[in-house]
Structure formats: C-alpha cells, structure tokens
Amino acid sequence: MTKAITLEELKKKFHDGMTIMVGGFLANASPERIIDALIESGVKDITLISNDTSYVDRGCGKLIVSGQVTKLIASHIGTNKVTGERMNNGDLEVEFSPQGTLAERIRAYGAGLGGVLTATGLDTDVEKGKEKIIVDGKTYLLEKPLRADFAFLRAQEGDEIGNLVYRGTSQNFQPLMAMAADTVVVEIDDIKPRGTISPEAVHTPSIFIDYIVSDK
C-alpha cells in the first residue's frame, strides 16, 4: 500500500479543533509545505504542541500569525513576537512546559506510560494545577502524557516506505512525536529507494509513518 499523499488529499483530513504536533527546532526542519496547507485549509481552533513557535514568517509560527491556533503547549515563545501578543491579549492559551519535560511527556504517550515524574518546575508557575508525588522523601510533579491527532514531521532523508533520517536539532522532538499521534505525516527532502538506508541509520522506522507528502 502506498503511503504517498498529495497536499490536497491531506487537507481533506484536517478538522476544526484538532490537536497537532509539529516537528522542527526554531523552524529548522519544520514541515513548511504541510504548514502552508494548514493555513490554506482555514481549519481553526487548533491545539499546537511544538518546542517553540519559531518565527512570524517561518515554521509553525505562521499558524500563530494566521490565528488558527487557540491553545499552545511549548517550551518557549521568545522568537515570535505575535505569540506573546496573542497570549497577552487573551486570544491564545499558552501552557509552558520545560523543554526536557515536554519531550518526556510526548515520549510517555508513545511508550504507553501514565506520565513522568520530575522535580523541574517545582515552586514555579509550572506546578500550578499539577499533582505532586513523594518518592523516597523527594517531591516530584506528575507530568501527564501528550498525544495528538496528527504529527507533522520533516526528514532530511528517507525511503519510499517512510524509514526516516533526521539531521542536527531536527532529531530533538520528531522521533518522539512520530510515536505520539494517531496519524503521522512526513515531508522527505531526499527520498531514496526502499532498502538503501542502513537499518542502524534509521531514526524513525517506517511502521510509525502513515503518509508521505508527494508534492514537491
């Protein structure tokens, strides 16, 4: 069964109120074509889970500027002034999650865990509304798993069935996101024939990938 999908076909799968994870690190390796398709679709009330909101004209920051995101879960927003403006005027709900904690919450869902325990965020705004658990006399926050309807990724290299290789900081969240969403869609910069990528070089196995964007 082919995993190829056009952006027009992908748009038909979007729906208002969906939760999405978007790969990339300050727009490095962001799936720009998928993000543009989201904007063109006009889908609204999106919950966005990403490390950051990149920039106003790059990466998932464009979704913030377009006003399609109503809730954001991220580790920082400082590189996109529109995110801060929308948060301060009440148009955008923002849940801050420390970067390592954010990665672990995503990993937890993919691994089938009920959450992770961390001391990061204790005695700060991060702990508000969260359960505290004591283990061997030490207090931890219970950080619950994060899942999404869609994970939108971008790999620098991959084969035609979806075995993926990332480079640099694009490895930070994307392998985890591929395990934490109901549907995983990827853009691949360099698509190679099946079997040409060494198994030990694969960062995300093809079993996690539902669709490969075929538009170039």
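The values are calculated or read from the model by the stated rules, or taken from the named source; none is laboratory data. All values derive from a computational prediction rather than experimental measurement. Backbone-built Cβ (ideal geometry, glycine too); neighbour counts: all protein chains shown. Areas reflect the complete protein model, heavy atoms only, side chains present, ligands, DNA and RNA absent. Shrake-Rupley method; radii C 1.70, N 1.55, O 1.52, S 1.80 Å.
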The pairs in Lys12/Lys81; Lys13/Lys216; Lys81/Lys128; Lys12/Lys144 lying past 27 Å Cα-Cα in this model are Lys12/Lys81; Lys12/Lys144
Residue-by-residue Karplus 3J(HN,Hα) for region 121-132, coefficients 6.51, -1.76, 1.60, Hz, glycine and proline x: x, 4, 6, 10, 4, 4, 7, 4, x, 9, 6, 10
Using a 1.4 Å probe on the protein chains only, how many percent of the accessible area of the chain belongs to carbon and sulfur? 50 percent
Determine, at each q value in 0.16, 0.19 (inverse angstroms), the log₁₀ of I(q)/I(0) that the Debye formula gives when each Cα of region 1-151 is one equal point scatterer. -0.90, -1.17
How many Å² of accessible area per residue for the chain, probe 1.4 Å? 46 Å²
For the pair Thr139/Glu40, report the inter-label distance in nm, with labels modelled 7 Å from Cα in the Cβ direction. 5.2 nm
Arg167-Thr183 pseudo-label distance in nm [points 7 Å out on the Cα-to-Cβ vector]: 3.0 nm
Using the alpha-carbon centroid of each, what span in Å lies between region 121-167 and region 35-104? 16 Å
With the crude spin-label approximation of a point 7 Å out along Cα→Cβ, what separation in nm comes out for Val94 versus Asp215? 3.0 nm
Kyte-Doolittle mean at least 0.5 and Cα extent at least 27 Å along the axis: which DSSP H helices of the chain qualify? none
Provide the gained length on full extension for the span Val56 to Arg194, in nm with one decimal, where the gain is 0.36 nm per separating residue minus the Cα-Cα distance. 46.0 nm
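So what is the diffusion coefficient of region 101-213 in µm² per second by Stokes-Einstein at 20 °C and 1.002 mPa s, using a Kirkwood Rh over Cα pairs?
It comes out at roughly 139 µm²/s.
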Counting each DSSP H run of 4 or more residues in the chain as -39500 (n - 2.57), what helix-only mean residue ellipticity at 222 nm follows after dividing by all residues, to the nearest 500 deg cm²/dmol? -5000 deg cm²/dmol
